[in-house]
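Participant: Here you go, one structure.
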Amino acid sequence: MEWLVLIIVLLVLGIVVLPRLRLRHVLSQAFPLSYSKILRKNLPGYTRMPTDLQMQLKKRIRQFLYQKTFVGCGGLTITDEIKVTIAGKACLLLLNRESDVYPQLTHVLVYPSAFVAPRTQMNSDGIVTHTNQGLSGESWSDGRVILAWDQAAHNLDNEARGQDVVIHEFAHQLDSETGTTNGAPALKSAAAYKAWSALMEREYAQLHHAIANDIATVIDPYGATNPAEFFAVVTEAFFKKSRDLAHYHPALYEQLRAYYQVDPCDWV
Ligand SMILES: [Zn+2]
């Protein structure tokens, strides 16, 4: 009996207490100057963010780097620049929020450029096709995010289009934390889900209407693929085309501002 108690105490120490103490120690360390330099270079808007958000971001990045494993694929060597840039963009989505740092995520796989992913699709006639698609990012609910570094790094073309593959894939991670990736991340109440889905459905229908009528939109047409892609795409727009989104889709901007608890119009 005493042995059993001892084993339980050791398990609790090993699984719960020690990792927490180690994390607390990691978070108390000074943020390296070289990391700050990477944030200034690769995170547009970082220097204009209020100081308290910068401090929060650094703390979240520290936790992200401590808890997640980066894997270089296709011959890529993982550097501090790769890790801090990806962690920095991913953690933008967590500022001012009570959530943990992507608790289900364990690995970030990074390729030098677009990676090829085999895909199997079945059409309505039951015909199965196998294709090899070139992708710049992918989010899995089994704890992996896969990224192409040339797209994840500070990329002027993507910047001009208001696109960011890291923000996109990590929005999918938030979405999948509920157990289903359906365009609705974890919200506080049933009423919040109701309001969320009513507004998102309206905006989603509006995007389909705009595409069908050749009307230019702030929201990337890729968002019309399905509700999960819609949430990822409007999250990109919220952080990368903040003023345009606030101007043309004020209710959607307000909904995302309430969810993300920041107002990127303050620092774009
Ligand atoms: Zn996506």
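Participant: Whole-Hz Karplus ³J(HN,Hα) for segment 59-71, in order, using 6.51 cos²θ - 1.76 cosθ + 1.60 and θ = phi - 60°, x for Gly and Pro?
Facilitator: Along segment 59-71, the couplings run 5, 5, 4, 3, 5, 4, 5, 6, 9, 9, 9, 9, 10 Hz.
Participant: Turning to a different aspect of this structure: Return the Rg/Rh value of the chain, two decimal places, where both radii are evaluated on C-alpha atoms and Rh is the Kirkwood radius.
Facilitator: My calculation puts Rg/Rh at 1.00.
Participant: On C-alpha positions alone, give me the angle between the axis of helix 165-176 and the longest principal axis of the chain, in degrees, nearest 10.
Facilitator: Result, in degrees: 70.
Participant: Please give every one of the aspartates and glutamates within straight-line cross-link reach of K188, meaning a C-alpha to C-alpha distance under 18 Å, and leave out same-chain neighbours fewer than 8 residues apart.
Facilitator: Reachable aspartates and glutamates: E98, D100, D175, E177, E254.
Participant: Take each of the peptides 212-224, 158-170, 83-95, average the number of other beta-carbon atoms within 10 Å over its residues, and list them starting from the highest.
Facilitator: Averaged packing, sorted descending, gives the order 83-95, 158-170, 212-224.
Participant: In whole angstrom, how far apart do the alpha carbon centroids of segment 49-97 and segment 197-268 sit?
Facilitator: Segment 49-97 and segment 197-268 have Cα centres spaced 24 Å from each other.
Participant: Where a Cα-Cα gap under 19 Å defines reach, which lysines qualify for K83, not counting those fewer than 8 residues away within the same chain?
Facilitator: K37, K41, K58, K59, K68
Participant: Ok, one more. Return one number: the angle in degrees, 0 to 90 and rounded to the nearest 10, between the long axis of the Cα atoms of helix 190-212 and the longest principal axis of the Cα atoms of the chain.
Facilitator: Compared with the principal axis, the helix lies near 40 degrees.
Participant: Among 36-46, 57-67, how do they line up from the highest to the lowest mean number of other beta-carbon atoms within 10 Å?
Facilitator: 57-67, 36-46
Participant: Count the DSSP beta bridges whose two residues both fall in segment 31-162, then state the antiparallel fraction as a percent rounded to the nearest 5.
Facilitator: DSSP beta bridges in segment 31-162 are roughly 55 percent antiparallel.
Participant: Given 0.36 nm per residue, what is the gain on full extension from D263 to A117 after removing their alpha carbon distance, in nm?
Facilitator: Here the answer is 49.0 nm.
Participant: Which of rounded, prolate, oblate describes segment 155-242, given a ≥ b ≥ c as roots of the alpha-carbon gyration tensor eigenvalues and a/c under 1.5 marking rounded, otherwise prolate only if a/b is larger than b/c?
Facilitator: Since a/c reaches 1.5 but b/c is at least a/b, the shape of segment 155-242 is classed as oblate.
Participant: Helix 18-28 versus the longest principal axis of the chain: what angle, 0 to 90°, nearest 10, using Cα atoms?
Facilitator: The two axes meet at around 70 degrees.
Participant: Also, quick follow-up: What relative contact order, as a whole-number percentage, does the chain give when Cα pairs under 8 Å and 6 or more residues apart are counted?
Facilitator: Reported as a whole number, the value is 15 percent.
No lab work stands behind these numbers, since they all come straight from the coordinates. Quantities reported herein were computed from a predicted structural model and do not represent experimental measurements. All Cβ positions, glycine included, derive from the backbone under ideal geometry; neighbour counts span all protein chains shown.
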